[in-house]
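Colleague: Sending over a structure as structure tokens; questions will come in a sec.
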Amino acid sequence: MTTPNSSGARALGINTYGYIWSTPAAQCVSELAALGYREFELVLNPPHLALDEFSADERRRFAAALAQQRVTVRSLNVPSLDHNLASPMRRMREYSVGLFIDSIDLAADLHATHLVVVPGRMSPLFPPARESREAWMRESLDPLVAHAEKRGVTLALKNVPFASFPDADSLGAFVRGYGSRALTVCYDAANAHFIGEAPAAGLRALGELVSLVHLSDTTRSAWRHDEIGLGDLRFDDLRAALDDIHFEGTCMLEIIAAEPQPAILRSHRALAALGFATPLEAQS
């Protein structure tokens, strides 16, 4: 569920963040595939999806099961609390690089084309100079980009409020300056809206760099990844911006809710009214 379908409606995939504490990835994918979803971003978070405890044989079996269900894992996503590629401490950067090397390998084993990367964590009280953030990120990314190219995986740096490059301008400048086709952008509309950035403007500024888009709702007073309609994000403007930049990547619903499946379906129905594909359950 990546590109617009024959009717021109833009299809949706599912990020599994809302399931990380409740449902194993294989079960989650099967349940959502039964509703018609065929493209996923799996979040690397035990017990949902392990990294170190996921053997080569288990990976092969999981990949085979995905293929049997005609499901694609488009991307993997490592939660941002477990690493810091832009830490001033070298040992933390080295640990984080190792974590992402292993995550690239898992992405390749599951035939995922992308790995979402949060570009470091900064203290909002007293962050380092931008030059330092860029230097640390470049040092961390050099081995990651080389390994990603070797394994056929594209890295997608994500805009996150506490990260080194939280907005479209700083993120776009860094990715363009790095200058690798293996480095792109995962643009999170809710994260942008929360920091005061208009997501439609952010998408237009990033343009061709955007390979993944995360969709959820929020306000600017509380950082959320709610179902569509519970915040005040303008998804009609965002939908127009996707067309303007000729986006052909994947739009992922990244909904966090106590009961994620009904929240996902309600969100999908809300977006269908704005030109996204109609949920399979509503088609006749």
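The values are calculated or read from the model by the stated rules, or taken from the named source; none is laboratory data. Note that the coordinates shown come from a computational prediction; the quantities given were computed from them, not determined experimentally. So basically every Cβ, Gly included, is an ideal-geometry build from the backbone, and we count neighbours across all protein chains shown.
Colleague: What number of residues in the range 121-133 are outside any loop (DSSP other than H, G, I, E, B) and small (G, A, S)?
Modeller: Residues flagged as outside any loop (DSSP other than H, G, I, E, B) and small (G, A, S) within the range 121-133 amount to 1.
Colleague: Of these, R176, R151, R130, which one is in contact (Cβ under 8 Å) with a residue 12 or more places away in the chain and under 21 Å from Y95 (Cβ atoms)?
Modeller: It is R151.
Colleague: Looking at the range 236-246, which of the residues that are in contact with a strand residue (DSSP E or B) (Cβ under 9 Å, 6 or more places away or on another chain) and without any contact (Cβ under 8 Å) to a residue 60 or more places away in the chain is surrounded by the most Cβ atoms within 10 Å (Cβ to Cβ)?
Modeller: L238
Colleague: Is it the case that A146 is under 19 Å from the mean Cα position of the chain (by Cα), modelled with pLDDT of 95 or more and not hydroxyl-bearing (S, T, Y)?
Modeller: no
Colleague: Sticking with this one: With the structure loaded, tell me whether S221 is closer than 17 Å to I20 by Cα, of a type in the set (G, A, S) and free of Cβ contacts under 8 Å to residues at least 60 places away in the same chain or whether it fails that test.
Modeller: Here the answer is no, as S221 does not meet what is asked.
Quick grid of which residues meet (1) assigned to a helix (DSSP H, G or I); (2) surrounded by fewer than 16 Cβ atoms within 10 Å (Cβ to Cβ); (3) touching a residue at least 40 places away in the same chain (Cβ under 8 Å); (4) not charged (D, E, K, R):
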site: V116; (1), (2), (3), (4): no, no, yes, yes
site: P119; (1), (2), (3), (4): no, no, yes, yes
site: A135; (1), (2), (3), (4): yes, yes, no, yes
site: L141; (1), (2), (3), (4): yes, no, yes, yes
site: H147; (1), (2), (3), (4): yes, no, yes, yes
site: A156; (1), (2), (3), (4): no, no, yes, yes
site: V160; (1), (2), (3), (4): no, no, yes, yes
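Colleague: With respect to L233, is the statement that it is under 22 Å from S170 (Cα atoms) and buried (at least 23 other Cβ atoms within 10 Å of the Cβ) true?
Modeller: So L233 passes the test.
Colleague: Separate question: Got at least one residue in the range 158-168 being acidic (D, E) and in contact with an Asp or Glu (Cβ under 7 Å, 6 or more places away or on another chain)?
Modeller: Within the range 158-168 (the criterion being acidic (D, E) and in contact with an Asp or Glu (Cβ under 7 Å, 6 or more places away or on another chain)), the answer is yes, since at least one residue qualifies.
Colleague: If you check L171 against the conditions, is it within 30 Å of S30 (Cβ to Cβ), crowded, with 16+ Cβ neighbours inside 10 Å and of a type in the set (A, V, I, L, M)?
Modeller: So L171 does not fit the description; no.
Colleague: Right, another one. Would you confirm whether any residue within the range 153-170 is in contact with a helix residue (DSSP H, G or I) (Cβ under 6 Å, 6 or more places away or on another chain), more than 22 Å from D82 (Cβ to Cβ) and of a type outside the set (A, V, I, L, M)?
Modeller: no
Colleague: If only one of L51, L81, L32, L85 is closer than 19 Å to V118 by Cα and crowded, with 20+ Cβ neighbours inside 10 Å, which one is it?
Modeller: It is L85.
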